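J.: Starting off with a structure, shown below.
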Amino acid sequence: MSAPTRITHFIDGRPWSGPAARTAAVYNPATGAQTASVDLAPAGLVGAAVASAKAAWEEWRDLSLARRVRVLFAFRELLNARKEEIAALITAEHGKVLSDALGEVTRGLEVAEFACGIPHLLKGGYSENASTRLDVHSIRQSLGVVAVISPFNFPAMVPMWFVPLALACGNAVVLKPSEKDPSAPLALAALWQEAGLPDGVLQVVNGDKEAVDALLRHEDVKAVSFVGSTPVARYVYETGAAHGKRVQALGGAKNHMLVLPDADLDLAADAAVNAGFGSAGERCMAISVLVAVEPVADGLVARITERMRALRTGDGTRGCDMGPLVTRAHRDKVASYLDAGVEAGAVLLADGREGDFDAEGDGFFLAPTLFDHVDPGMPVYTDEIFGPVLSVVRVASYEEGLALINANPYGNGTAIYTNDGGAARRFENEVEAGMVGINVPVPVPVSYFSFGGWKNSLFGDSHAHGAEGVHFFTRGKVVTSRWPDRGHGGLDLGFPRND
């Protein structure tokens, strides 16, 4: 077995060449083997990266929009040409199947394409003669250095939610990716450099809590974008805000799918399996609770069980339907909920610990798991498990199902399956979640709309990408001007009348 390779930071347009005081292991989750060792940045190195980014921002912010857009278009073309390479890096370190990894890169690419329209998105307003010979106009300007802290589950897409817009708006970016799968974000940084981004405008520092805290407390970091679990999102928001930063911190979820009696049960079963087990359930938009309005639960559960038997779990490079979980510790934590669910009284219909996995070595596998007769007080219902575990809750009516969803502390995404347009419209209006799917199980918005939830799924006022993303990465300035001429002037000590 070959020795693990070294993965390091990307500073000032090139891989960092200094020594590493601390490192972390990077694994191939499908085999369980360590493939690399990633450097962990101390606070001092984070500070140096921020200082370098600030210096680079001084020039980047003053480049014309036309020149910025040329970099964005070049990056878009490079990423589109090499998306299969990025997808392979994701599969090798995260474990998701190649088709899913390629889909992740493609959805991230959409945000880069949206950012290519930044000249239009940054247009201000102008009012001529707002008062006599007085004009008023508004502009939006960059913030400076912004930090992006991204999670392991979408190592390419989540950075792409933020970095293209932040750069397009004239900011410099310090990206802190997950130390579990850092290669894809570093490959993206190299593509930005190849596209013509000046040295230092995008820095990548790998690290753990020490690096995160350094970013949250650094006086020259003006804004922080974060995606991760709710406890950490709350910490990032509170710490960053306490240090005067603008923060958007996207947290966890417990997404419900409500199935009404008039729904197409075959369509609903397909959706439940796809949304519950795609990416091994390691996504904040996964459906983890299926709310079946009686009398359809038995028929729906039977259809789901039948479809689950056809799924193949294994190495993501072998054409399997579902890959491993990201680490052994996470797999073990998810698996612990199976015994907890049975002890609480839920019915375990499919046990993901059983069966054969299409892989070599000792990978971190757990096959799709299904619980029926789950009650809201059980741990399998209350906790964000973040794995391939689907729970079925049976309710007597639409009203009971809606109340169950709205009582949940999370409000990221939700879905309804029905053929009744009136019921769907009512659900859209009444449900308390930031993203709603109507016969769509994973309602992730397209790039020109914004992504984000409600309640404990979001801390801060701005969602990701779309118009809200542009607003987050800029600050407004209003200019009131009057150019004197010989026919207007004189003393007037009164308050301006705006007439």
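J.: What number comes out for accessible area per residue over the chain if the probe is 1.4 Å? Units Å², please.
T.: Heavy-atom accessible area per residue stands at 41 Å².
J.: Across 10 Å bins from the origin, how do the percents of Cα pairs in segment 1-153 run, short distances first?
T.: Percent of pairs per bin, in order: 9, 24, 31, 22, 8, 4, 2, 0.
J.: Right, another one. Taking only C-alpha pairs under 8 Å that are 6+ residues apart, what is the relative contact order of the chain in percent? Write out the running numbers ahead of the final one.
T.: Values: 1162 pairs, mean separation 92.0, N = 499.
Dividing the mean separation by the residue count of the chain yields 18 percent.
J.: Given a cut-off of 31 Å, name the pairs among Lys83/Lys455; Lys180/Lys455; Lys180/Lys477 whose C-alpha atoms lie farther apart than that in the structure shown.
T.: Working: Lys83/Lys455 35 Å; Lys180/Lys455 28 Å; Lys180/Lys477 40 Å.
Going by Cα-Cα distance, Lys83/Lys455; Lys180/Lys477 fall outside the 31 Å limit.
J.: Which length gain, in nm to one decimal place, applies between Asp264 and Asn129 when the Cα-Cα distance is subtracted from 0.36 nm times their residue separation?
T.: 42.6 nm
J.: Rounded to a whole number, what is D in µm²/s for segment 398-499 from Stokes-Einstein with the Kirkwood radius over alpha-carbon pairs (25 °C, 0.890 mPa s)?
T.: Answer from the Stokes-Einstein relation: 139 µm²/s.
J.: So, in nm, how far is label Lys477 from label Asp356 when the simple model puts each one 7 Å beyond its Cα toward the Cβ?
T.: 6.7
J.: Turning to a different aspect of this structure: Whenever you get a sec, compute what percent of the accessible area on the chain sits on carbon and sulfur atoms (1.4 Å probe). Spell out each step's value before the answer.
T.: Values: 10820 of 20590 Å².
Here carbon and sulfur together make up 53 percent of the probe-accessible area.
J.: Which value, in Å³ per residue, describes the convex hull spanned by the Cα atoms of segment 105-146?
T.: 86
J.: Counting just the Cα atoms, what span does segment 331-376 cover along each of its three principal axes? Round to the nearest Å and put the largest first.
T.: 37, 18, 13
J.: As a test, work out the antiparallel percent of DSSP beta bridges whose residues both lie in the chain, rounded to the nearest 5.
T.: If we restrict to bridges inside the chain, about 40 percent are antiparallel.
J.: From the alpha carbon gyration tensor of the chain, can you work out the equivalent ellipsoid semi-axes (sqrt of 5 times each eigenvalue) and give them in Å, largest to smallest?
T.: Numbers: eigenvalues 363, 185, 69 Å².
The answer is 43, 30, 19 Å, longest axis first.
J.: Starting from the coordinates of the alpha-carbon atoms of segment 273-364, obtain the Kirkwood hydrodynamic radius over all distinct pairs and give the value in Å to one decimal. The partial results should precede the final answer.
T.: Values: mean 1/r = 0.0684 Å⁻¹.
Computed over segment 273-364, the radius equals 14.6 Å.
J.: Residues of segment 144-172 with amide nitrogen under 16 Å from the 7 Å Cα-to-Cβ point of Arg22?
T.: none
J.: In addition: Please compute the volume of the convex hull spanned by the alpha-carbon atoms of segment 361-431 and report it per residue in Å³.
T.: 128
J.: Also, quick follow-up: For n ≥ 4 DSSP H runs only, could you compute -39500 (n - 2.57) per run for the chain, divide by its residues and tell me the 222 nm figure to the nearest 500?
T.: Calculated mean residue ellipticity at 222 nm is -11500 deg cm²/dmol.
J.: Normalise the Cα radius of gyration of segment 109-264 by 2.2 N^0.38 Å (N = residues in it) and let me know the number.
T.: In units of the 2.2 N^0.38 Å rule of thumb, it is 1.27.
J.: Return the inverse of the average 1/r over all pairs of distinct C-alpha atoms in segment 201-345, which is the Kirkwood hydrodynamic radius, in Å to one decimal.
T.: 18.5
J.: Could you tell me the convex hull volume per residue, in Å³, taken over the Cα atoms of segment 71-175? Can you show the working numbers first?
T.: On the way: hull volume 10.9 nm³, N = 105.
Measuring per residue, one finds 104 Å³ for the Cα hull of segment 71-175.
J.: May I ask what percent, to the nearest 5, of DSSP beta bridges between residues of segment 242-389 are antiparallel?
T.: Working: 3 of 11 bridges.
Around 25 percent of the beta bridges assigned by DSSP in segment 242-389 are antiparallel ones.
The values are calculated or read from the model by the stated rules, or taken from the named source; none is laboratory data. Note that the coordinates shown come from a computational prediction; the quantities given were computed from them, not determined experimentally. Cβ coordinates were reconstructed from backbone atoms using ideal geometry, including for glycine residues, and neighbour counts include every protein chain displayed. Protein only, heavy atoms only, side chains kept; ligands, DNA and RNA dropped before computing areas. Shrake-Rupley method; radii C 1.70, N 1.55, O 1.52, S 1.80 Å.
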